[in-house]
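Below is one structure; the comments refer to it alone.
The values are calculated or read from the model by the stated rules, or taken from the named source; none is laboratory data. Since the model is a prediction, treat every value here as computed from it, not as a measurement. When we count neighbours, we look across all protein chains shown, and the Cβ atoms used for this are built from the backbone with ideal geometry, even at glycine. With ligands, DNA and RNA removed, areas are computed over all heavy atoms of the protein, side chains included. Shrake-Rupley method; radii C 1.70, N 1.55, O 1.52, S 1.80 Å.
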Amino acid sequence: MQGGGSCYAENECLARTLTDLGSSTGWDETQILRNNLLDDDPVINPDFYNWNHIYIRYCDGSCHTGTQSQPNEWGLFFAGHLTVMAVVDHATTNFGLGEASEVLVSGSSAGGIGAFVNADPISEKLPDACVKASPQAGWYYPDDLDNFQDWINGVRTPIRNQTVVWDRFLDEACVADNLDEPLRCGSISTLYPYIKTPIFMINNQYDSNQLFSQLGVPNDGSAETIDYVIYFGDRFRRSVIQVLNSSKNDGVYLTACMDHTGVTTSLQGMQINGVTYAQSLSDWYFERGQLPTQLLDLCGRLPCNPTPGCTTIGKGVRIDLPDVIGL
């Protein structure tokens, strides 16, 4: 599933309709993707290069989660979830997807959110296949996280990654357990325990999109920014303990890097303890038992992965790396 941000307000959603992220009118008939799970190069993508690949484009701003079958009050459809289901049905009817024995669901950023949310509905449509999912940069957000300004002011404002504008698809069991606040289930960290599909997530512990684009953190290297980055990283690591303890033996690849989807989600672009994302994912998916499948940088409470650029915050300011582990 393709990534590409999201929209919540009428003006920004209408503006998206003039772009390839809001309309299919300008899409090319074919697209070649490199350095990710759709790559057909056996050197870069040795275990999945010759699989049948389906690329679900992104055109409604709902992170592949909307359920609107009729135009809303803005004259727009937020139908991302319905689109994913329609693609699966089309591929099953016309291209034999229903006969598949192995399926890996993935997506990056907004597509990563979509992979978390749609993993179980896809699994239910393919009961004869081994369906697993590897969401990339989709853990929005750690639980009980305050945005930057409210954190500065000492005001509690938990973030819920949800908007009623989309009529977002919500897990029924999660909603039943959160009747007092069902929109909590729009947060992946709240949804996660209800996902039955095996998950291998890759994410930065210091997601630059969440920090600077979503939570309002100044990208200036100031003391306040660095303090908030520490706070965010601590909250993130605490929120993924549930994944590390999963009874499904779910996998993680969690880099201590100030990045979103760049080098982190490339199959061969980064290492944790000498192991790449591609190597760990493949070992986990095929249950080879040869490599660690729960990998996370534990080198301090600030970005510390040695990959160039990982430890830079705002205007080239490099940060000091304390030796206190924030877990």
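Being under 11 Å from residue 145 (Cβ atoms) and over 17 Å from the mean Cα position of the chain (by Cα) is the filter; apply it to segment 220-237 and report the residue that is most open to solvent (accessible area, probe 1.4 Å).
Checking each candidate, the answer is 231.
Considering only residues that are more than 18 Å from the chain's Cα centre (by Cα) and open to solvent by less than 30 Å² (accessible area, probe 1.4 Å), which ones fall in segment 76-95?
76, 78, 79, 85, 88, 91
Restricting attention to segment 48-69, does a residue exist that is at negative phi, open to solvent by 50 Å² or more (accessible area, probe 1.4 Å) and not in a loop (DSSP other than H, G, I, E, B)?
Among the residues of segment 48-69, not one is at negative phi, open to solvent by 50 Å² or more (accessible area, probe 1.4 Å) and not in a loop (DSSP other than H, G, I, E, B), which makes the answer no.
Exactly one of (1) outside any helix (DSSP H, G or I); (2) open to solvent by 70 Å² or more (accessible area, probe 1.4 Å) is unmet by residue 12. Its number?
For residue 12, the failing item is (1).
Matching residues to (1) at pLDDT below 95; (2) within 17 Å of the chain's Cα centre (by Cα):
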| position | (1), (2) |
| --- | --- |
| 117 | no, yes |
| 127 | no, no |
| 139 | no, yes |
| 144 | yes, no |
| 161 | yes, yes |
| 168 | yes, yes |
| 172 | no, no |
| 193 | no, yes |
| 198 | no, yes |
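Out of all the residues in segment 270-295, which are open to solvent by less than 30 Å² (accessible area, probe 1.4 Å) and in contact (Cβ under 8 Å) with a residue 24 or more places away in the chain?
Matches in segment 270-295: 270, 272, 277, 278, 280, 281, 282, 284, 285, 295.
Checking residue 214 against (1) buried (at least 21 other Cβ atoms within 10 Å of the Cβ); (2) modelled with pLDDT under 95; (3) of a type outside the set (Val, Ile, Thr), only one condition comes out false. Which one?
So residue 214 meets the others, but not (1).
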